[in-house]
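The structure appears right after this line, and notes come after that.
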Amino acid sequence: MHGKRVLVPIERLRFRCKTCGRTLCEAVPAMDDKRQAAPRLIGHSEAHRPRKTCAELPREVGVDDKTARHIFDDDVARRSARVRFDTPEVLGIDEFKIVGQYRAMLTNVDRLRLFDMLPTRKKADLVADLKRMPDKRRVKLLTTDLWSVDRPVVLDQFPKTPIVADRFHVVRMANDALERVRKSVRQGLTTRERLRLKDDRFVLLSSRDHLSEDGPAKLEARGERFPLLRAACEAKDAFHEIYSHPCK
């Protein structure tokens, strides 16, 4: 009530069946059907659960962790029953890490929305999920990372759909190559020189359009001092410019 936890004592009549001996408690309209809580508490928990952990919310409302998880599971089940996700025309396949475990992630690239999330990134789970996907004919384009597992699965499930390597993963290859050059150059420097070049990584990896006001001057100084770094940086920028070309 008013954002504060309130305890409401309720006296309930309890009945016993003379035939079978089972007991039945009196129904209370102001109490949730599954647990000893008012519907207002359930609604508060459902509204705040996406922004709070399974430990934080129970302490706030005065229930145990298990009850909070069950409230969340019931809310997810109700939403899943009434919400339908349309299969995207541009389907993205990637993975990300949650609590130390990688999970496959399917996204609607056009709308920048999450479409589905798998418990793992194993090939078997991805194949099973794509087989169950409704209206697969809607998918006109697929974007994936460069992981070897995704591509054969996509080719099997979407044999006629064009596949595009995700730009982030392609560009990262050039950045990783530049990083190897930078580390090899730093190995031959003294401790004082390495400390002076502490922020050179961010200057070298940033695109010229995203440099700060003093960024171009720092980049020019690095290039004059280390010609190998200049060459690697220019090669990286040239590689990134592939995406600025108007045609194949």
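Values in this text are rule-based calculations from the coordinates and carry no lab data. Quick caveat, the model's predicted, so the values are computed rather than measured. Neighbour counts run over all protein chains shown; Cβ positions are idealised from the backbone, glycine included.
Structural remarks
- Sites Ser207 and Asp32, calculated FRET efficiency, Cβ-Cβ separation with R0 35 Å, nearest 0.05: 0.05
- Of Gln157, Gln36, Gln101, the residue with the greatest mean-square motion in the GNM of the chain, using alpha carbon springs below 10 Å, is Gln36.
- In nm, spacing of pseudo-spin labels at Ala177 and Arg111 (7 Å Cα→C-beta vector): 3.8 nm
- Within-13-Å neighbourhood charge of Pro159 [Cβ basis; K, R +1; D, E -1]: +3
- Counting neighbouring Cβ atoms within 10 Å and putting the fewest first, the residues Met1, Met117, Met31 line up as Met1, Met117, Met31.
- Taking the centroid of alpha carbons for each part, segment 65-139 and segment 5-30 are 41 Å apart.
- Neighbour-count order for Cys247, Cys20, Cys25, Cys233, fewest beta carbons within 10 angstrom listed first: Cys247, Cys20, Cys25, Cys233
- Bridgeable lysines around Lys18 (alpha carbons under 30 Å apart, same-chain partners fewer than 8 residues away excluded): Lys34.
- Cross-link table Lys136/Lys248; Lys122/Lys248; Lys131/Lys236; Lys123/Lys248; Lys97/Lys140; Lys52/Lys183, entries beyond 30 Å C-alpha to C-alpha: Lys122/Lys248; Lys131/Lys236; Lys123/Lys248; Lys52/Lys183
- Dimensions (Å) - the chain, Cα atoms, principal axes, largest first: 94, 52, 28
- Using the alpha-carbon positions of segment 190-231, Rg (one decimal) and Dmax (whole number) come out as 10.3, 31 Å.
- Volume of the Cα convex hull of segment 90-165, divided per residue and given in Å³: 87 Å³
- Fraction of beta bridges assigned by DSSP in the chain that are antiparallel (%, nearest 5): 70 percent
- Where Rh is the Kirkwood radius over Cα pairs, Rg/Rh for segment 28-72: 0.94
- Pairs of alpha carbons in segment 91-234 whose separation is greater than 19 Å (percent): 62 percent
- Label-point separation in nm, Leu228 to Val8, each point 7 Å along Cα→Cβ: 7.4 nm
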